[in-house]
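The values are calculated or read from the model by the stated rules, or taken from the named source; none is laboratory data. Just so it is clear, the structure is predicted and the values come from calculations on it, not from any experiment. All Cβ positions, even for glycine, are placed from backbone atoms using ideal geometry, and neighbour counts span all protein chains on display. Heavy atoms of the whole protein, side chains included, go into the accessibility calculation; ligands, DNA and RNA do not. Shrake-Rupley method; radii C 1.70, N 1.55, O 1.52, S 1.80 Å.
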Amino acid sequence: MDTWNSLHDANVFFSVLRSMRRGNLTMRHVGIIGVGRLGGALLKSLSDGSENRVCFIDRDIGLARQRSNEIKFASFESNLEDLAKKSCIIFLAVKPKDVQSTLEELGIYLRSEHLLISVCAGISSKQLREWSGNRCEVLRVMPNIACLVQRGILAVANDSNLSGERLKEVLEILSVMGNCYEIPEKLFDSFTALCASGPAFVFKFFESVEWAAEKIGFDARLSKQLSRSLLDSSSALSSNEWGTWKALIDQIATKGGCTEAGLHSLEADALSTIVERCFILTRDKSVDLGRVDKQS
Ligand SMILES: NC(=O)c1ccc[n+]([C@@H]2O[C@H](COP(=O)([O-])OP(=O)(O)OC[C@H]3O[C@@H](n4cnc5c(N)ncnc54)[C@H](OP(=O)(O)O)[C@@H]3O)[C@@H](O)[C@H]2O)c1
């Protein structure tokens, strides 16, 4: 039985390699390490298309079983060796504090044909390469969680040394999750603050909107509905052709009117400064996460 398993695994691995060498883009073998909040979104998104054969692993067995039930076409692996054998492209989606130990364990199973893609905040390509033993190419990608609904914003480090063909393949895979931007790695911590953490800040703002709606007279149910509708309708309008945010605001605020009164209040409370401080602190925390000596 063990021999059969080994032969089977070897067959899978070599068929994976053959399909890669042929540049066969119709079936990609993708592995995901960590299927928590973001890894779970990647799993769903990558399994939706028939072009990927996806396997995954998570040390939280309960969560892994749950994902297995949710996503029928992805296989759950019990160890990193099997995951590495069955994948060409491996996404790493564990918390920054777990990256080093995970890569040190994974490293021995990596071959030059693998591509390791990290979505982990703060951890540089240099650290990824070192911790995985320099055995394969690595790429940093920073998605946001909206890739769950194919509306993500993703950054890809454009200063990696990936060949044009491989980068093209990666962009093709990522494009199902949303809009991809190629940016220098030095901007990754800023991108993390703006676009990966960003949805949480937008939701925080709308949580305040819901709370304030109750304060000005609506009941809880209607406050919830109206705050969501407000986000929806404003975001639909923002993709219109009016251009700048100011031009959009000018469509609503008339001189001396009620909207202007509200805007003055936001300016007096220094909204821009609050937002700037939030992004700076978030960016700096991302930088901090990459400092191994500070990881708990
Ligand atoms: N959440 C987001 O919106 C978002 C956006 C952009 C980037 N990211 C990045 O994505 C990464 C994951 O974030 P998350 O929010 O998805 O975290 P999460 O919900 O905690 O998921 C991480 C999962 O990985 C598991 N894990 C840890 N080490 C493992 C190993 N060696 N083998 C298998 N599984 C392992 C964890 O298990 P345990 O719980 O047992 O530790 C957990 O289930 C982070 O580095 C973060 O910076 C997240």
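Brief remarks follow.
- With all protein chains in place and ligands, DNA and RNA left out, the 1.4 Å accessible area ranks Arg28, Arg228, Arg166 as Arg228, Arg166, Arg28, largest first.
- Note on Ile249: accessible area approximately 70 square angstrom, rounded to 10, probe 1.4 Å, nucleic acids and ligands left out.
- Mean separation of Cα pairs under 8 Å and 6 or more residues apart, divided by the residue count, gives the chain a relative contact order of 14 percent.
- Helix 271-289 axis, angle to the chain major axis (alpha carbon atoms, nearest 10°): 20
- Ranking by accessible area, most exposed first, for Ile57, Ile145 with a 1.4 Å probe: Ile145, Ile57
- Cut-off of 10 Å, at most 16 other beta carbons, DSSP loop: longest stretch of the chain lacking such GluC sites (Glu not before Pro): 114-240
- Label-reachable residues, the range 150-190, where backbone N falls under 19 Å from a point 7 Å from Leu281's Cα toward its Cβ: 189-190
- Acute angle (nearest 10 degrees) that the helix 258-268 long axis makes with the longest principal axis of the chain, alpha-carbon atoms: 60
- Solvent-accessible surface (1.4 angstrom probe) belonging to Asp269, in square angstrom, nearest 10: 100
- Bridges between two residues of the chain, per DSSP, are antiparallel at a rate of about 5%.
- Among the trypsin sites (Lys or Arg not before Pro) in the range 61-139, those located in a DSSP loop and surrounded by at most 14 other Cβ atoms within 10 Å of their own Cβ are Lys72, Arg111.
- C-alpha long axis of helix 2-21 to longest principal axis of the chain, angle in °: 60
- The relative contact order of the range 198-289 comes to 13 percent, based on Cα pairs under 8 Å that sit 6 or more residues apart.
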